[in-house]
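Visitor: Below is the structure I would like to discuss, written out as structure tokens.
Any read-out appearing in this document is the output of simple, stated calculations on the displayed coordinates, not a laboratory observation. Remember, predicted model here, so these are calculated numbers, not experimental data. Because the Cβ atoms are built from the backbone with ideal geometry, glycine has one as well, and the counts that use them run over all protein chains shown.
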């Protein structure tokens with residue numbers, strides 16, 4: 001096969017690779033929805049039960065400017081109309097994954113009496129707070145790239161290396177969902193691998 005023919009074949013596959021890349025990235029969205037929703041709802045309920053029903057309200061209105069929840073509340077208020085009143089339910093809706101991940105950081109975890117790990121009912125005994133924090137940060141970083149459209153389509157052989165990184169993140173998400181005992185029966189858990197295999201084949 002001549003190099004010109006190879007170029008033509010690659011050119012003809014560009015659209016297919018673009019669509020496959022988008023399909024590949026789309027497999028992450030339902031997993032992220034489950035992780036983020038379970039993480040924040042379970043932490044929210046756990047703290048209200050164990051730290052007091054008005055715990056979040058007290059944090060939002062704290063006089064401590066270094067309080068992470070208070071600072072997050074201030075960021076929310078900056079993008080809201082003047083006079084907007086932020087209550088704890090509004091806080092729950094507005095705050096994204098990043099803050100809930102920070103509950104597993106060393107200092108924050110200690111400040112809430114080591115409670116966060118309890119939201120993972122199927123956590124293996126070998127996995128500790130530090131391990132969870134590392135894994136949650138990894139998936140948070142990918143989430144930011146994915147949700148802010150910073151991931152380019154995989155259309156060139158030199159981009160195949162990104163499939164390994166994405167595969168690791170996908171496995172970590174499935175691990176977290178398993179430990180959360182999430183309702184994953186409706187997820188196509190092999191969909192990522194199938195799309196990645198198609199991309200590899202086209203770029204081989």
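Visitor: Mean residue ellipticity at 222 nm from the helices of the chain, using -39,500 (n - 2.57) per DSSP H segment of n ≥ 4 over the full residue count, to the nearest 500 deg cm²/dmol?
Guide: Computed ellipticity for the chain at 222 nm equals -21000 deg cm²/dmol.
Visitor: Rule-of-thumb check for the chain: C-alpha Rg over 2.2 N^0.38 Å?
Guide: Normalised by 2.2 N^0.38 Å, the Cα Rg of the chain equals 1.26.
Visitor: Now for a separate question. Express in nm, to one decimal, how much length is gained between residue 131 and residue 19 on full extension, taking 0.36 nm for each residue of separation and deducting their alpha carbon distance.
Guide: 36.9 nm
Visitor: What is the Rg over Rh value, at two decimals, for the stretch 83-204, using alpha-carbon atoms and the Kirkwood definition of Rh? Walk me through the numbers before you get to the answer.
Guide: Values: Rg = 17.6 Å, Rh = 16.9 Å.
Rg/Rh: 1.04.
Visitor: Need one number: nm distance between label points at residue 26 and residue 49, each 7 Å from Cα along Cα→Cβ, rounded to one decimal.
Guide: Each label point is offset 7 Å from its Cα along the Cβ direction, giving 3.7 nm.
Visitor: Then there is this: Would you mind classifying the stretch 10-104 by shape? Square roots of the alpha carbon gyration tensor eigenvalues, ordered a ≥ b ≥ c; an a/c under 1.5 is rounded, otherwise it is prolate if a/b is larger than b/c and oblate if not.
Guide: Prolate, since a/c reaches 1.5 and a/b exceeds b/c.
Visitor: Could you state the number of Å between the C-alpha centres of the stretch 15-47 and the stretch 166-204?
Guide: Between the Cα centres of the stretch 166-204 and the stretch 15-47 lies a distance of 11 Å.
Visitor: A follow-up question, please. Expressed as an acute angle from 0 to 90° and rounded to the nearest 10, what is the orientation of the C-alpha long axis of helix 129-147 relative to the principal long axis of the chain?
Guide: 60
Visitor: Between residue 85 and residue 111, what is the label-point separation in nm under the 7 Å Cα-to-beta-carbon projection?
Guide: Going by the 7 Å Cα→Cβ label model, 2.6 nm.
Visitor: Could I have the simple spin-label model distance between residue 175 and residue 64, label points 7 Å from Cα toward Cβ, reported in nm to one decimal?
Guide: Computed distance between label sites residue 175 and residue 64 equals 3.1 nm.
Visitor: With angles folded into 0 to 90 degrees, how steeply does helix 68-78 sit against the dominant principal axis of the chain? Use alpha carbons for both and round to 10.
Guide: That helix lies at roughly 70 degrees to the long axis.
Visitor: Going by the alpha-carbon gyration tensor, a ≥ b ≥ c the square roots of its eigenvalues, is the stretch 88-150 rounded (a/c under 1.5) or, if a/c is not under 1.5, prolate (a/b greater than b/c) versus oblate?
Guide: oblate
Visitor: Taking the Cα atoms only, what angle lies between the long axis of helix 161-179 and the longest principal axis of the chain, rounded to 10 degrees?
Guide: Relative to the chain, helix 161-179 is tipped by roughly 40 degrees.
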